[in-house]
Amino acid sequence: MLFARAIGDASPSYVDDGAGAVPAPPTFPIASAQYDSEYSLRPKPGQPWFGSGKGPCDDPEWLAQRTVGSGLHAEQHFEYHRPLSSGDVVAVESSVGRTWEKEGRSGTLVFTEWITRYLDADGEPVVTARSVGVQTQTPVEG
């Protein structure tokens, strides 16, 4: 219910009325990354976090890892094999999909697809998420 409210969906179907399992909102699986202690975008107590949104990152350690321009999230797709509902326990498998290049105003753009599969206790797919990121050759001046 709280996730649905956070994304602006006030549908009563996401409220537990005691009648059984509550369906998850369509983009809910992406929130599972926050439970991965190694997820790079997850804030960690006592460590600098580049994603605060207060301004450009000035963490020298994070900046030292940057060997190319800028990266951004370009696409996100979800394929539901069956409804995901409250009480479901899923395992997550991630793998790299396709990679391709295009020429852009900042040089070569490298697109990388990430496939994340959410599997039930029997190993059957529940949701497949496909994310596409793009890395620029040089930083884009804003």
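The values are calculated or read from the model by the stated rules, or taken from the named source; none is laboratory data. Because the structure is predicted, anything quoted here is derived from the model rather than measured. All Cβ positions, even for glycine, are placed from backbone atoms using ideal geometry, and neighbour counts span all protein chains on display.
If the requirement is being loosely packed, with under 10 Cβ neighbours inside 10 Å, charged (D, E, K, R) and modelled with pLDDT under 90, which of these qualifies: Lys44, Lys54?
The match here is Lys54.
Would a scan of the range 71-94 turn up a residue that is within 20 Å of Asp36 (Cα to Cα), surrounded by fewer than 15 Cβ atoms within 10 Å (Cβ to Cβ), within 20 Å of the chain's Cα centre (by Cα) and hydrophobic (A, V, I, L, M, F, W, C)? The answer is yes; a qualifying residue exists. Pairs meeting the criteria (first residue in the range 17-29 and closer than 20 Å to Ser94 by Cα, second residue among the aromatic types (Phe, Trp, Tyr) and outside any helix (DSSP H, G or I), beta carbons under 7 Å, at least 6 apart or on different chains) are Pro26/Phe78; Thr27/Phe78; Pro29/Phe78; Pro29/Tyr118.
Cβ-Cβ distances below 6 Å connect the following pairs, each with a first residue in the range 80-96 that is at pLDDT below 95, a second residue that is part of a strand (DSSP E or B) and polar (S, T, N, Q), and a separation of six or more residues or different chains: Ser94/Thr116.
What number of residues within the range 9-25 are surrounded by 14 or more Cβ atoms within 10 Å (Cβ to Cβ) and either part of a loop (DSSP other than H, G, I, E, B) or more than 24 Å from the chain's Cα centre (by Cα) (or both)?
Count: 4.
Cβ-Cβ contacts under 7 Å between residues 6 or more apart (or on different chains), taken from a first residue in the range 131-142 that is of a type in the set (A, V, I, L, M) to a second residue that is modelled with pLDDT under 70, are listed as Val140/Gly69.
Looking at this structure, is Thr128 polar (S, T, N, Q) and modelled with pLDDT of 95 or more? Yes.
Restricting to the range 95-113, give me the number of residues that are surrounded by 15 or more Cβ atoms within 10 Å (Cβ to Cβ) and under 25 Å from Pro29 (Cβ atoms). Looking only at that region, the number is 3.
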